[in-house]
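Single-structure report; data block below.
No value in this document is a laboratory result; all are computed from the given coordinates. On a predicted model such as this, the values are computed, not experimentally measured, just so you know. Cβ coordinates were reconstructed from backbone atoms using ideal geometry, including for glycine residues, and neighbour counts include every protein chain displayed.
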Amino acid sequence: MTEGPLSGVMVVALEQAVSAPLCTRVLSDLGARVIKVENPDGGDSARHIDDVVGGLAAHFVWVNRGKESIALDLKSEAGTAILHRLLDRADVLVSNLAPGTTAKLGLAPDDLATRHPDLIAVEIDGYGPGGPLSHKRAYDLLVQAESGVCAITGHPGAPAKPGPPIADASTGLYTALSIVALLYAGERRGERGGAVAVSMFDTMAELMGYPLTYTRHAGHWQQPLGMSSPAVAPYGAYRTADGHTVVLGTTNDREWQRLALELLDRPDLAADDRFRTNPDRVTHRDLLDAEIGAWCGRHQLVYVQRRADDAGIGNSRYNTPDDVLAHPHLAARDRWRRIDTPAGPVPALLPPPVIAGYDPPMGAVPALGEHTERILAELGVREPESGSGGVGDREPRSGDAADPESGSGG
């Protein structure tokens with residue numbers, strides 16, 4: 001396959017931060033053309049979170065490769081007119097602006113269904129319409145806290161936010177999946193268009209499925225255990241004799257028996273009724289962790305992992321981000337590429353899906369408004385006269401995707 005599965009699909013993005021940009025980057029990885037509409041005065045707010053990538057922000061570089069950037073002032077009639085000309089050609093519009101912003105811009109789903117009936121209108125927001133939180137801005141941490149995720153992360157009395165922006169990222173991935181489904185439906189039924197809305201809160205409530213189900217039926221919620229699971233034992237992190245940390249896990253009674261007999265060489269533990277079933281082992285987790293921790297503490301990491309592999313016990317090494325950058329598994333599988341950015345080439349990981357016969361394009365990270373002139377030319381919009389000023393002074397005047405602070409944060 002020389003072209004991506006979404007080759008020929010055009011996506012227009014009114015996006016900020018992570019959730020919508022990750023969604024559209026996934027579509028770009030699959031071959032879609034993504035045109036990112038940005039505010040001429042600063043662009044996507046994620047451009048300015050830090051400057052560690054040669055002056056560029058790490059968040060922005062992560063989720064914005066392979067896109068074209070056009071600077072438009074959507075507060076101006078000329079800017080919105082240009083946007084609608086883009087939408088006349090587009091298959092998908094993705095937005096994650098602040099609550100009510102698309103309606104103010106005349107881009108609510110009903111508006112788009114009338115003016116662009118073949119367009120798939122996609123809106124990411126924080127909490128979804130119709131509820132007491134619908135008006136609120138939503139950022140990854142805020143939604144993780146509101147949805148209970150932080151309560152089951154960390155340690156009792158010391159809740160924590162999971163490191164990756166999982167509310168943003170999971171919402172973006174659900175949204176990309178929804179778009180692909182609507183594109184497929186349009187091809188199969190011969191009816192293009194449609195609308196989909198995905199909220200960060202609903203996404204995190206879905207990912208909380210296990211703890212919510214457990215709490216409803218048990219009458220209490222399981223306390224977080226750091227690098228362990230309240231649902232399964234033994235399952236956790238243990239220090240080794242050479243100062244590393246090994247993570248060992250069992251998911252059923254047979255694996256526990258192998259761990260006790262073949263890894264620890266402890267038939268007494270295997271026969272102990274206190275550890276016969278997983279609920280028993282969860283109840284007596286501290287005893288098990290002490291025994292496993294003592295055994296790991298007498299051996300080096302490589303020995304522990306070799307013995308665990310031989311016994312068919314799941315195991316891994318606790319790594320830091322520095323370790324992962326140099327991870328031999330990524331290197332052996334050739335997972336790193338170099339992509340162009342305004343600051344020069346930088347390494348980037350290939351997207352997770354490996355599609356036979358298709359190499360993801362791994363396009364460049366765009367500078368703010370880098371493709372404005374080319375896109376305007378495609379639309380037949382007159383270029384600015386020499387010395388006429390910046391993008392906002394074009395004829396017709398183009399200007400702004402949205403206030404940098406108008407994004408939902410997702």
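Here are the numbers for this structure:
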quantity: Spacing of the two label points (7 Å from each Cα toward its C-beta) at residue 160 and residue 51, in nm; calculated: 3.2
quantity: Cβ-placed point charges (K, R +1; D, E -1), dipole of segment 235-317 about Cα centre in debye, nearest 20; calculated: 200
quantity: Descending semi-axes in Å of segment 235-317, equivalent ellipsoid built from Cα gyration tensor; calculated: 20, 13, 11
quantity: Charged-residue dipole, Cβ positions (Lys, Arg, Asp, Glu), segment 95-137 about Cα centre, Debye nearest 20; calculated: 240
quantity: Nearest-ten-degree value, helix 77-89 long axis tilted from longest Cα axis of the chain; calculated: 70
quantity: Highest to lowest packing among 330-337, 175-182, 345-352, scored as the average C-beta count within 10 Å; calculated: 175-182, 345-352, 330-337
quantity: Among 118-125, 106-113, 165-172, the order from most to least packed when residues are scored by Cβ within 10 Å on average; calculated: 165-172, 118-125, 106-113
quantity: Theoretical gain in end-to-end length, residue 185 to residue 58 [0.36 nm per residue, Cα-Cα removed]; calculated: 42.2 nm
quantity: Given charges at beta-carbon only (K, R positive; D, E negative), |dipole| of the chain in Debye; calculated: 740
quantity: Hits among lysines - C-alpha to C-alpha of residue 104 under 29 Å, sequence gap 8 or more where chains match; calculated: 36, 67, 75, 136
quantity: Value of Rg to Rh for the chain (Rh from inverse mean 1/r over Cα pairs, i.e. Kirkwood); calculated: 1.06
quantity: Relative contact order %, segment 235-317, counting alpha carbon pairs below 8 Å whose residues are six or more apart; calculated: 45
quantity: Using alpha-carbon coordinates, inclination of helix 285-297 to the longest axis of the chain, degrees; calculated: 90
quantity: Simple spin-label estimate for residue 298 and residue 324 in nanometres, 7 Å along Cα-Cβ; calculated: 3.4
quantity: Length-normalised contact order for segment 132-247 - Cα pairs under 8 Å, 6+ apart - percent; calculated: 25
quantity: Relative contact order of the chain, defined on C-alpha pairs under 8 angstrom at six or more residues apart (%); calculated: 26
quantity: Sum of side-chain charges, residue 266 neighbourhood, beta-carbon under 15 Å (Lys, Arg +1; Asp, Glu -1); calculated: -2
quantity: Computed label-point distance, nm, for sites residue 218 and residue 367 using a 7 Å Cα→Cβ extension; calculated: 5.5
quantity: Top positive-direction residue, dipole computed over the chain with Cβ charges, set 10, 107, 226; calculated: 226
quantity: Which of 283, 316, 271, positive extreme of dipole for segment 235-317 (C-beta unit charges); calculated: 316
quantity: Share antiparallel - DSSP beta bridges, the chain, percent rounded to 5; calculated: 45
